Amino acid sequence: MDKTKRKAHILKVAKTCFEEHGFNQTSMDYLAQQCDLTKRTVYKYYRSKDELYFDLVCESFKKFESKYLTIDASMSALDQINTLMDCYIEFFEESPFLANLMVTRKVYEQEDPLVLEKIARIEAYAKGIPLPELIDKGIQEGHLRDDIDPYQQALIIWGALHGVIEIAVNKTRLIENRDVKSFLLRSKAMLIQSMQR
C-alpha cells in the first residue's frame, strides 16, 4: 500500500473508531490494531490523536464545502442563504458524525506545529463559507432587514444551527416525537424569519 493510501486508511479507521468508541476511549494502540499496522507505523503518519482528529474535521469541512459550492449564484441572496442552510442540514443527515465534528471541534491550547497548521486550515474553510456576504447581498436586495450586521448575523446563524445540531445529535430525547428533521427545518425557518423585513 502506498503512503497516500495508507494514510487515508488510517484516517478512515480512526473515523470508525472515534465514532464507535469516542475520541477519549480510542487509544493509538487500539487504532493500530484496527488498521493491522504497528503503532510505530501509525505514528509515522500521525503523531497524535489530535492530529487525526483535526484531519477528520478538515474532511468534514471539505465535504460540506462540496455541497455549498453547488448553490446557484443567480438565485436571490435569501434563496442562497436558505439553500446554504439546507446544505448544512442535509450534510448533518448524511454524515452525522462529521457534522458533529464541525460542531464540537476541540478548542484548546495547541503547541504542535502540525496540529496548529490543521487548525489554520479548518479556520480557512470556515471563513470560506460565504454567509456574511450573502446576508449583505440580501440587505442590498431589500429582502433582509438593514439593521443587522452581516458578520454578526452569520455568527448567530452558525451558532444557532450548531446548537440545534448538537441537540439533534446528543439530546434527541428532548425533541418532540424525536422528529429531528422537522426540528431542524423549524429552527432554520425561525432563523430565516428573524432576518427578513
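All conditions in (1) of a type in the set (Gly, Ala, Ser); (2) surrounded by 12 or more Cβ atoms within 10 Å (Cβ to Cβ); (3) modelled with pLDDT of 80 or more hold for SER95, with the sole exception of (3). In the condition set (1) outside any helix (DSSP H, G or I); (2) not assigned by TED's automatic domain parsing to the domain that holds HIS162, ALA14 is compliant with all but (1).
For region 71-102, the set of residues classified as touching a Leu at 6+ places or on another chain (Cβ under 8 Å) and in a loop (DSSP other than H, G, I, E, B) consists of ILE71 only. Entry remark, region 181-195: residues being surrounded by 14 or more Cβ atoms within 10 Å (Cβ to Cβ), in contact (Cβ under 8 Å) with a residue 40 or more places away in the chain and under 16 Å from ILE89 (Cβ atoms) number 5 in total. For region 141-193, taking the residues that are of a type outside the set (A, V, I, L, M, F, W, C) and under 20 Å from MET75 (Cβ atoms), the one that is nearest to the chain's Cα centre (by Cα) is identified as LYS188. Across region 47-105, the qualifying residues are those that are acidic (Asp, Glu) and free of Cβ contacts under 8 Å to residues at least 24 places away in the same chain, and the one among them that is farthest from LEU144 (Cα to Cα) is GLU94.
Any idea which residue in region 14-41 is farthest from THR4 (Cα to Cα), counting only those that are under 27 Å from the mean Cα position of the chain (by Cα) and among the hydrophobic types (A, V, I, L, M, F, W, C)? The residue in question is PHE23.
The values are calculated or read from the model by the stated rules, or taken from the named source; none is laboratory data. Computed from a predicted structure; not experimentally measured. Cβ atoms come from the backbone with ideal geometry, glycine included; neighbour counts cover every protein chain shown.
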